[in-house]
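Below is one structure, written out as structure tokens; the observations come after it.
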Amino acid sequence: MLIDFIAVANQSDEMIAHNGDRFDIKWLRARCLFHNIPLSAKFNAIDTLKMARAGFYFNSNKLDYMGQYMGLGKKIKTEYDLWKNIVLENDIPSMNKMILYCKQDVILLEKVYNKLQ
């Protein structure tokens with residue numbers, strides 16, 4: 001899965017993430033390093049957390065809060081047990097819930113990005 005993601009990322013013009021500069025991109029780089037997966041030296045990354053902090057004063061800069069504040073939607077609630085069930089028990093219903101969570105997260109991120117623009 002990481003190899004497929006990096007193949008797309010290496011071809012992208014830009015990547016958008018919330019707190020991506022401090023977490024997502026560093027996490028990707030560390031996993032690629034561990035697995036010896038070639039990764040582009042530099043991504044054109046847009047961080048919606050930085051956009052929010054630079055141009056607005058929200059009560060919270062969490063993606064979920066901003067999405068709800070702007071009437072764009074909210075994240076799907078997850079708990080630690082969801083991860084545990086996926087990793088330790090290979091639980092298919094938990095994996096399906098995680099897939100829904102991830103899809104909703106991307107949709108919300110896109111909406112927040114477009115609104116902040």
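Values computed for the structure shown
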read-out	value
Other-chain or far-sequence residues with amide H under 5 Å of T78's (modelled H)	none
Extension gain (nm, one decimal) between A7 and N96, 0.36 nm per residue minus Cα-Cα	29.6 nm
R0 of 25 Å, Cβ-Cβ distance L88-A30: FRET efficiency to nearest 0.05	0.65
Dimensions (Å) - region 38-117, Cα atoms, principal axes, largest first	44, 37, 17
Where the chain is the region considered: accessible area per residue in Å², 1.4 Å probe	73 Å²
Most positive-pole-ward Cα, L72, A30, M51, against dipole of region 25-89 from beta carbon charges	M51
Distance (nanometres) between label positions extended 7 Å along Cα→Cβ at K50 and K103	3.1 nm
Shape call, region 18-81: gyration tensor on alpha carbons, a/c limit 1.5	oblate
Given charges at Cβ of Lys, Arg, Asp, Glu: the chain dipole, positive-most of Q11, W83, V112	V112
Label-point separation in nm, K62 to I37, each point 7 Å along Cα→Cβ	2.8 nm
Spatially proximal lysines relative to K77 (Cα-Cα < 25 Å; intrachain offsets below 8 disregarded)	K26, K50, K62, K97, K103, K111, K115
Accessible-area composition of region 1-98, carbon plus sulfur, in percent [1.4 Å probe]	56 percent
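The values are calculated or read from the model by the stated rules, or taken from the named source; none is laboratory data. Keep in mind that this is a model prediction, so the values were computed, not measured. Heads up, the Cβs are rebuilt from the backbone with ideal geometry, glycines too, and the neighbour counts pull from every protein chain shown. Please note that ligands, DNA and RNA were not included when accessible areas were found on the heavy atoms of the full protein model with its side chains. Shrake-Rupley method; radii C 1.70, N 1.55, O 1.52, S 1.80 Å.
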